[in-house]
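The values are calculated or read from the model by the stated rules, or taken from the named source; none is laboratory data. Nothing here was measured: the structure is a model prediction, and the numbers come from that model. As a convention, Cβ positions derive from the backbone with ideal geometry for all residues, glycine included, and neighbour counts pool all protein chains shown. What goes into the accessible areas is simple: the full protein's heavy atoms, side chains included, and nothing from ligands, DNA or RNA. Shrake-Rupley method; radii C 1.70, N 1.55, O 1.52, S 1.80 Å.
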Amino acid sequence: ICRMVLSMASRQRFGVDPVELDLSIEAPLCPHGPTLMFERFYARKEPRKFFACGVHRDRKGCPFFHWADEKISEEKRLRWMSEFKRSQPNLDRTSLLSRLEAFQRLSAEERSYCHTCETLVMGKKEMKEHGGHQLCVSVTDEQLACPSKLMSPLGDRKAQAQFYFSEDTLEFLCSEIKRLGCVSVLCVGVPRLHETLFNKGATNSVLLDIDHRYAQFYGPTHYQRYNMFNGYFYEEAGKEECVRFIQSALSKDSGKTRNPILVIMDPPFGGLASLIAKSLKKLWSFGSDKELPTCLVFPYYLEAHVKDALPSFAMMDYQREPPYCHCMASQ
């Protein structure tokens, strides 16, 4: 009898799984954007669905929590909307682009970057306003062209942890992009690859990344703020720009090359494959009803999860440095 009970218990589901949200249900907003729906499984009671942050995978990073079966009052919904708007950075893309162009015209001695405020600093007057802050002074053209090396990396492993590709990995990816004949590359969560392609100029590249600091270094045609866990563009114009980029790459090619556009995605460590797959399918739908050539950087021991969510993907034989990720690509 004991063995039978243990056997039955071993077949039960425990923990938390993401849930596909019905189109008729509008996900509530937390300070980081639209939330995700999850389902919690228990040993001795019925499972229950809830909403939680779509960026932070730990409630220490974002405490938002709401049971899906509890009604959301209009007052609460408006309050959540107000909190979301207040927490968003001021990304006036026109002003930021004008400021970047003015920054580029200055000599290196007049250019600084404030790590305390995470902003470009122009001239001695602005430097005085950042007195006592951690400044990187005399920003060179080379540093400006590689913002991921200029900015301080984000280190929250359960949210926006940033582990950048090494030079060897970048060289491999660039050589594969050239070998495949890709004219356009959509870099999702791979800022250093975007920097490399953008600086080389031979390949048209767009960066989708949740780190809003990149808006200081790239105009709207080359960077959009994006959450890969729920496929959310923080600006509607950003989504429109991404659609334009994908459709333009496909229409200009008209079958001339085998891979007119390539999607490369490097999710944060611990990201759920099912959520990543859903976001990828949304991006693919911007261009056609078929899969776009895609390379996904993922821990090798989660291959089965990727295959479940994206059956057409196959493991490549290239291994990246720790945390021991492999590239998986659509066939």
Condition check for ASP168: acidic (Asp, Glu), open to solvent by 10 Å² or more (accessible area, probe 1.4 Å) and in contact with a helix residue (DSSP H, G or I) (Cβ under 8 Å, 6 or more places away or on another chain): no
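Out of all the residues in segment 107-150, which are among the polar types (S, T, N, Q), under 17 Å from ALA215 (Cβ atoms) and not in a helix (DSSP H, G or I)?
Step one: of segment 107-150, the residues among the polar types (S, T, N, Q) are 107, 112, 116, 119, 134, 138, 140, 143, 148.
Retained after the next criterion (residues that are under 17 Å from ALA215 (Cβ atoms)): 119, 148.
Within segment 107-150, THR119 is the sole residue that qualifies.
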Of residues in segment 262-297 being in contact with a Gly (Cβ under 7 Å, 6 or more places away or on another chain) and outside any loop (DSSP other than H, G, I, E, B), the one farthest from LEU208 (Cα to Cα): LYS278
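Would you say PHE50 is out of contact with any helix residue (DSSP H, G or I) (no Cβ under 6 Å at 6 or more places or on another chain), aromatic (Phe, Trp, Tyr) and either open to solvent by 30 Å² or more (accessible area, probe 1.4 Å) or touching a residue at least 24 places away in the same chain (Cβ under 8 Å) (or both)? Show your work before the answer.
Numbers: out of contact with any helix residue (DSSP H, G or I) (no Cβ under 6 Å at 6 or more places or on another chain): yes; aromatic (Phe, Trp, Tyr): yes; either open to solvent by 30 Å² or more (accessible area, probe 1.4 Å) or touching a residue at least 24 places away in the same chain (Cβ under 8 Å) (or both): no.
Criteria not met by PHE50.
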Test: residue in segment 240-255 that is modelled with pLDDT under 90 and of a type in the set (S, T, N, Q): yes
Residue in segment 191-212 that is open to solvent by 10 Å² or more (accessible area, probe 1.4 Å), touching a residue at least 60 places away in the same chain (Cβ under 8 Å) and part of a helix (DSSP H, G or I) present: yes
Segment 113-141: number of residues that are open to solvent by 50 Å² or more (accessible area, probe 1.4 Å), modelled with pLDDT under 95 and closer than 15 Å to LEU100 by Cα: 0
